[in-house]
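The values are calculated or read from the model by the stated rules, or taken from the named source; none is laboratory data. Nothing here was measured: the structure is a model prediction, and the numbers come from that model. Backbone-built Cβ (ideal geometry, glycine too); neighbour counts: all protein chains shown. Surface areas here come from the heavy atoms of the whole protein model, side chains and all, with no ligands, DNA or RNA. Shrake-Rupley method; radii C 1.70, N 1.55, O 1.52, S 1.80 Å.
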Amino acid sequence: MDIPAKYEAAKIEEKWYQYWLEKKYFHTEPDSREPYVNVIPPPNVTGVLHMGHMLNNTIQDVLVRRARMLGKNAVWVPGTDHASIATEAKVVAKLKAEGIDKSSLSREEFLKHAWEWKEKHGGIILEQLKKLGASCDWNRTCFTMDEIRSDSVIRVFTDLYEKGLIYRGVRMVNWDPDAKTAVSDEEVIYTEENSKLYYVKYKIENENSYVIIATTRPETILGDTAVCVNPNDKRFTHLKGKKVIVPMVNRVVPVIFDDYVDMEFGTGCLKITPAHDINDYEIGIRHNLPSIDIFNDNGTLSEAAELFVGKDRFEARKLAVAELEKAALIEKIEAYNNKIGRSERTNSVIEPKLSMQWFLKMENLVKPALAAVENGDVNIIPAKYKNTYRHWMENVRDWCISRQLWWGHRIPAYYLPGSNEFVVAGNEEQALEKAKKHTGNNSLTIKDLRQDEDVLDTWFSSWLWPISVFDGILNPENAEFKYYYPTNDLVTAPEILFFWVARMIIAGYEYPKNKPFSNVYLTGIVRDKQGRKMSKSLNNSPDPLDLIEKYGADGVRVGMLLCSPAGGDLLYDDSLPEQGRNFANKIWNAFRLVKNWDIDDSIPQPEHSRVAVEWFDAKFNQTVTQLNQQFDSFRLSEALMTVYKLFWDDFSAWYLEIVKPEYQKPIDKITYYKTLDFFKKLSLLISPFMPFITEELWQFMKEERDVESIVTAKWPESVNTKSDLISSFEICTEVIAGIRTIRQEKNLPLKEKLSLQIIAHGFYDNRFDSVIKKLGNLEGIDFVKEKPVLSAGFIVKSQEYFIPVGNLINKDEEVKKLEDELVYTEGFLKSVIAKLSNEKFVNNAPSKVLENERKKQADAESKIAILKEQISGMKGQ
């Protein structure tokens, strides 16, 4: 097979991905092997691939591909999330563009449009993931609103309701006026914003005096039902038993006393609006105050406000300020910075609102899930997020699970005729049976019942994901669920640690009574060079598909992983995928170099090649051990860099340089085939990170005894490593570097043969002398007792090396160099001695660290003695 001169990523990627799909390499069924299971964090059905997806899914694919190579029955389950708020907003916008208002449609008509939109756009992101090389079992693709997942959600709702854990009630919720739905506490993002603090006069009833109240929201004055002060605040003792008049609406309300009030904030006097502030709501309950809801669901003012009815809340604020100024009731206005809560989905300012909602009691549900992380059954990586998890779980509030939308899982509560009483059931038929039993009226029909209009929070379906993708809710005894659950590793973003991860752990212990996964790997955030989070609004996020087209999927994968430790943000720059592409080209060109060598069966293997093979074999085994440790501890960026250096530095820069034949000369058979074997083994280590180029190379290299595809090839095993050989080679590279430095400094041509003379101090390891001779282009290596006259030298460990250079040497320059090195080495020795003189360090440092420091001291002392001797000898010449 001819090897093309250039690696053409696009052509190769399309070819091999189709090949993998046709061969069903990504599909699994339960068998006798150990399973390895990952479930994809289901992207929103509205979504297209962004940089965060690229990072997350590259990590997942690396883990899954390596697990396959370890011989595990590896499956990666893909799917999408119905994303209630985001999808409904997309469909509403599409209909609006077509001149259709959602309010003009029935629920069924709207859902027909929504399903059509989903079928047209819903699979885009999954197709894009294939371009990245994602090795998902596409036959198992799930959707949170497909039949099994939907029935699972309804089953869980009815079960939790019957356990007394789901209830319905009026509570203060976070209301999103744009989406017209409640959102959970976790879906509210707080940001520091510039506001104004208005100091407003409230007239004391039957007096000509006022109390001053500071507020950032003068429009909510229309809903005030009390004024509150701290009982310990002596400034307001005169207000006991009195009432004040609410500005603009002239409502008379009581002055109440409560410890909640901060005497230092504003004037120390607080307006109470129970319908529109969570703290006011709780004060209202304690003091039995009425609530006046002045807002409609869309954020406009309601009839209950009496003024500015139908006006948007922010327009009403301006009108309220004008009205108060007109009545001379504003004392002053100050600039003020405060935290504003915004909806994560729409960026709309959240409105605290009293609303009838459905809630799930969380206090007892979270306990097993908290214990699982605390005792290590579920491992969070990096460990710093364990504290965040604990804080959330110990301060959990009941989960508002209802949303005022049409797209989603409709709440299975059915109201009885002319009543607010309801029954909860899995379907209409079951609801009718329950309703008949509850009322004793056997003439009831399904038409007599009215199903709740709300849908469930999207997270209420995705919290079941690791269970429901294997049908573990509806059929917990099925063979697939028993084989694949619990899953192994979950890769996701830290911002949904509570939204999704914690809730999945809760669901795992509530239903199958087992953890949903063993490890949670939290990625960092992909940011631009300036450290800003990538977003559409900043226009700082490249299109991942454009990057794949430009740099190749393997190049992009390497680029995403090079600088992204778990939990650490990735500062993205195009130089990262460019480095990945360069690595792919390096691999390709090295392979072409080797394959283009001529072989001569009659040539014996040179000594330099023999020891090079022995060294690289040891280095490879050492690296496999190191890689396994890095994978086991999820240090994936380090693992990639380890493979990168093994190929680029050890294999290409050293091994190939040692064994490659002279120009237009053949190579011996033993070295050639051993080199190809190394290339094959290296391809196996690189494969999880760069699956496309390694598949192409595998097809060039594979033999009859090899598997068809690198996808199913076996991960290399680590055998005993000859660490002394590796250490000896490191000394060899330092010697070669020393020779090359002298050539450079003395302008000695590479073609000119030199001789190397050594003053040996103690044992001299000569195993790599043949390598030093070849790469140093030496005539010979000789041992001498004294430093040769007119020579340039260097020291490696305790050995002295000299290259006779005749009249090319400048004695004064050489002395100066040696003296500078002596000063540096003496300074280094001083720092080591200081460390070893530190009693605290010596008492607390591990024995290996102490041993290493003492070795540094001995080496430095030996080097100083040699340097002084060299300086003395040079000056005496």
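Could you list, in sequence order, all residues of the stretch 222-251 that are outside any loop (DSSP other than H, G, I, E, B) and open to solvent by 70 Å² or more (accessible area, probe 1.4 Å)? Walk me through it before giving the result.
Quick first cut of the stretch 222-251, residues outside any loop (DSSP other than H, G, I, E, B) only: 222-223, 226-229, 234-239, 243-246, 251.
Of everything in the stretch 222-251, those that are outside any loop (DSSP other than H, G, I, E, B) and open to solvent by 70 Å² or more (accessible area, probe 1.4 Å) turn out to be K234, R235, T237, H238, K243.
If you scan the stretch 687-718, which residues turn out to be within 23 Å of V75 (Cβ to Cβ) and not in a loop (DSSP other than H, G, I, E, B)?
Result: P691, F692, T694, E695, W698, I710, V711, T712.
Just for strands (runs of 3 or more DSSP E) wholly inside the stretch 103-215: which have at least 3 residues that are within 30 Å of D262 (Cα to Cα) and open to solvent by 10 Å² or more (accessible area, probe 1.4 Å)? Explain how you work it out, then say what you get.
On the way: elements: 166-176, 181-183, 188-204, 210-215.
So the answer is 166-176, 188-204, 210-215.
Of all residues in the stretch 839-869, how many are outside any helix (DSSP H, G or I) and surrounded by fewer than 12 Cβ atoms within 10 Å (Cβ to Cβ)?
Narrowing the stretch 839-869 to residues outside any helix (DSSP H, G or I): 845-846.
With surrounded by fewer than 12 Cβ atoms within 10 Å (Cβ to Cβ) added as a condition, the list becomes 846.
Final tally of qualifying residues: 1.
Of the conditions (1) open to solvent by 60 Å² or more (accessible area, probe 1.4 Å); (2) over 26 Å from S184 (Cα atoms); (3) of a type in the set (D, E, K, R); (4) under 46 Å from the mean Cα position of the chain (by Cα), D258 fails just one. Which one is it?
(1)
Of all the residues that make up the stretch 456-481, how many are more than 24 Å from the chain's Cα centre (by Cα) and in contact (Cβ under 8 Å) with a residue 12 or more places away in the chain?
Taking the stretch 456-481 as the starting set, the residues that turn out to be more than 24 Å from the chain's Cα centre (by Cα) are 456, 470-481.
Going one step further and asking which of them are in contact (Cβ under 8 Å) with a residue 12 or more places away in the chain, we end up with 456, 470-474, 476, 479-481.
Going through the stretch 456-481 one residue at a time, the tally reaches 10.
Tell me whether the stretch 675-695 contains one or more residues that are open to solvent by 10 Å² or more (accessible area, probe 1.4 Å), over 18 Å from Y19 (Cβ atoms), modelled with pLDDT under 95 and not aliphatic (A, V, I, L, M).
The answer is no; no qualifying residue exists.
Quick one: in the stretch 356-380, which of the residues that are open to solvent by less than 10 Å² (accessible area, probe 1.4 Å) and part of a loop (DSSP other than H, G, I, E, B) is farthest from I245 (Cα to Cα)?
Across the stretch 356-380, the extreme among qualifying residues is V378.
Mind telling me which of the residues K353, K332, K311 ends up being surrounded by fewer than 16 Cβ atoms within 10 Å (Cβ to Cβ) and basic (K, R)? Spell out how you get there, then give the answer.
Details: K353 fails: surrounded by fewer than 16 Cβ atoms within 10 Å (Cβ to Cβ); K311 fails: surrounded by fewer than 16 Cβ atoms within 10 Å (Cβ to Cβ).
Exactly one of K353, K332, K311 is surrounded by fewer than 16 Cβ atoms within 10 Å (Cβ to Cβ) and basic (K, R), namely K332.
Looking only at the stretch 636-671, which residues are more than 31 Å from the chain's Cα centre (by Cα) and either hydroxyl-bearing (S, T, Y) or open to solvent by less than 10 Å² (accessible area, probe 1.4 Å) (or both)?
Those that are more than 31 Å from the chain's Cα centre (by Cα) and either hydroxyl-bearing (S, T, Y) or open to solvent by less than 10 Å² (accessible area, probe 1.4 Å) (or both): F651, S652, Y655, L656, I658, V659, Y663, I667, D668, T671.
How about the stretch 507-608: which helices (runs of 4 or more DSSP H) wholly inside it have at least 2 residues that are surrounded by fewer than 15 Cβ atoms within 10 Å (Cβ to Cβ)?
Values: elements: 544-551, 553-562, 575-595.
Correct list: 544-551, 575-595.
Quick one: L95 ticks every box in (1) in a helix (DSSP H, G or I); (2) open to solvent by 30 Å² or more (accessible area, probe 1.4 Å); (3) under 24 Å from L456 (Cα atoms) bar one, so which box is it?
Among (1) in a helix (DSSP H, G or I); (2) open to solvent by 30 Å² or more (accessible area, probe 1.4 Å); (3) under 24 Å from L456 (Cα atoms), L95 violates only (2).
Run A834 past the list (1) open to solvent by less than 80 Å² (accessible area, probe 1.4 Å); (2) in a helix (DSSP H, G or I); (3) in contact with a Gly (Cβ under 8 Å, 6 or more places away or on another chain) and report the number of the one that doesn't hold.
A834 satisfies every listed condition except (3).
In the stretch 803-857, how many residues are modelled with pLDDT under 90, more than 41 Å from the chain's Cα centre (by Cα) and among the small types (G, A, S)?
1
Criterion first (under 27 Å from D178 (Cα atoms), assigned to a helix (DSSP H, G or I) and either open to solvent by 40 Å² or more (accessible area, probe 1.4 Å) or of a type in the set (F, W, Y) (or both)) does N279 satisfy it? Reasoning before the result, please.
Numbers: under 27 Å from D178 (Cα atoms): yes; assigned to a helix (DSSP H, G or I): yes; either open to solvent by 40 Å² or more (accessible area, probe 1.4 Å) or of a type in the set (F, W, Y) (or both): yes.
For N279, the condition - under 27 Å from D178 (Cα atoms), assigned to a helix (DSSP H, G or I) and either open to solvent by 40 Å² or more (accessible area, probe 1.4 Å) or of a type in the set (F, W, Y) (or both) - is met.
Here is a yes/no grid of residues against (1) of a type outside the set (K, R); (2) under 25 Å from K24 (Cα atoms):
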{"residue": "S652", "(1), (2)": "yes, no"}
{"residue": "R705", "(1), (2)": "no, yes"}
{"residue": "I726", "(1), (2)": "yes, no"}
{"residue": "R740", "(1), (2)": "no, no"}
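Which count do you get for residues in the stretch 744-789 that are farther than 27 Å from G873 by Cα and among the hydrophobic types (A, V, I, L, M, F, W, C)?
Adding up the residues that qualify gives 4.
If we scan the stretch 772-794, do we find a residue that is open to solvent by less than 60 Å² (accessible area, probe 1.4 Å), in a helix (DSSP H, G or I) and touching a Gly at 6+ places or on another chain (Cβ under 7 Å)?
Restricting attention to the stretch 772-794, the residues satisfying the condition of being open to solvent by less than 60 Å² (accessible area, probe 1.4 Å) are 772, 775-778, 780-781, 784, 787-788, 791-794.
Filter again for in a helix (DSSP H, G or I), leaving 772, 775-776.
Imposing the further condition that a residue be touching a Gly at 6+ places or on another chain (Cβ under 7 Å) reduces the set to none.
Checked the stretch 772-794: no residue is open to solvent by less than 60 Å² (accessible area, probe 1.4 Å), in a helix (DSSP H, G or I) and touching a Gly at 6+ places or on another chain (Cβ under 7 Å).
Identify the residue in the stretch 294-341 that is assigned to a loop (DSSP other than H, G, I, E, B), in contact with a Leu (Cβ under 9 Å, 6 or more places away or on another chain) and not aromatic (F, W, Y) and, among all such residues, is nearest to G223 (Cα to Cα). Give the derivation first.
Taking the stretch 294-341 first, the residues assigned to a loop (DSSP other than H, G, I, E, B) are 294, 296-299, 302, 306-311, 327-329.
Among the residues that remain, those that are also in contact with a Leu (Cβ under 9 Å, 6 or more places away or on another chain) are: 294, 306-311.
Restricting the remaining residues to those that are not aromatic (F, W, Y) gives 294, 306-307, 309-311.
On the way: I294: 6, E306: 10, L307: 11, V309: 13, G310: 15, K311: 15 Å.
Among those residues, the one meeting the criterion is I294.
What are the residue pairs meeting all of these: first residue in the stretch 182-196, first residue under 19 Å from I278 (Cα atoms), second residue among the acidic types (D, E), Cβ atoms under 6 Å, and 6 or more apart or on different chains?
As it stands, the answer is V183/D176; E187/E344; I189/E344, since those pairs meet every condition given.
Would you check if S791 is of a type outside the set (A, V, I, L, M) and in contact (Cβ under 8 Å) with a residue 60 or more places away in the chain?
Numbers: of a type outside the set (A, V, I, L, M): yes; in contact (Cβ under 8 Å) with a residue 60 or more places away in the chain: no.
No: the conditions fail for S791.
Go over the candidates L301, L289 one by one and state the one that is at pLDDT 95 or above, under 25 Å from R397 (Cβ atoms) and crowded, with 21+ Cβ neighbours inside 10 Å. So that I can check it myself, show each step before the final result.
On the way: L301 fails: under 25 Å from R397 (Cβ atoms).
One residue alone meets the criteria, L289.
Out of everything in the stretch 795-821 that is in a strand (DSSP E or B) and of a type outside the set (D, E, K, R), what residue ends up being most open to solvent (accessible area, probe 1.4 Å)? Quick ask: steps written out before the conclusion?
Restricting attention to the stretch 795-821, the residues satisfying the condition of being in a strand (DSSP E or B) are 795-796, 799-804.
Now narrow it down to the ones that are of a type outside the set (D, E, K, R): 795-796, 799, 801-804.
Values: I795: 27, V796: 4, Q799: 16, Y801: 5, F802: 1, I803: 0, P804: 49 Å².
Across the stretch 795-821, the extreme among qualifying residues is P804.
Which condition from (1) surrounded by fewer than 13 Cβ atoms within 10 Å (Cβ to Cβ); (2) at pLDDT 95 or above is the one that L319 breaks?
(1)
Cβ-Cβ distance below 9 Å, separation of 6 or more or different chains: which pairs start in the stretch 356-383 with a residue that is touching a residue at least 12 places away in the same chain (Cβ under 8 Å) and hydroxyl-bearing (S, T, Y) and end on one that is assigned to a strand (DSSP E or B) and open to solvent by less than 70 Å² (accessible area, probe 1.4 Å)?
none
Kindly check whether there is at least one residue in the stretch 477-495 that is open to solvent by less than 40 Å² (accessible area, probe 1.4 Å), acidic (D, E) and touching a strand residue (DSSP E or B) at 6+ places or on another chain (Cβ under 8 Å).
yes
Mind telling me which of the residues Q18, Q60 ends up being loosely packed, with under 14 Cβ neighbours inside 10 Å and assigned to a helix (DSSP H, G or I)? Can you show your working first?
Numbers: Q60 fails: loosely packed, with under 14 Cβ neighbours inside 10 Å.
Testing whether each residue is loosely packed, with under 14 Cβ neighbours inside 10 Å and assigned to a helix (DSSP H, G or I) leaves just Q18.
If we scan the stretch 32-47, do we find a residue that is farther than 23 Å from L490 by Cβ, assigned to a helix (DSSP H, G or I), hydroxyl-bearing (S, T, Y) and open to solvent by 10 Å² or more (accessible area, probe 1.4 Å)? Talk me through it step by step, then tell me what you get.
Just the residues of the stretch 32-47 that are farther than 23 Å from L490 by Cβ, to begin with: 32.
Checking which are assigned to a helix (DSSP H, G or I) leaves us with none.
Within the stretch 32-47 (the criterion being farther than 23 Å from L490 by Cβ, assigned to a helix (DSSP H, G or I), hydroxyl-bearing (S, T, Y) and open to solvent by 10 Å² or more (accessible area, probe 1.4 Å)), the answer is no, since none of the residues qualifies.
Among the residues of the stretch 719-755, which ones are in contact (Cβ under 8 Å) with a residue 40 or more places away in the chain, within 20 Å of K817 (Cα to Cα) and either open to solvent by less than 10 Å² (accessible area, probe 1.4 Å) or in a helix (DSSP H, G or I) (or both)?
Listed by number, the residues that qualify are E734, V735, I736, G738, I739, T741, I742, E745, K746.
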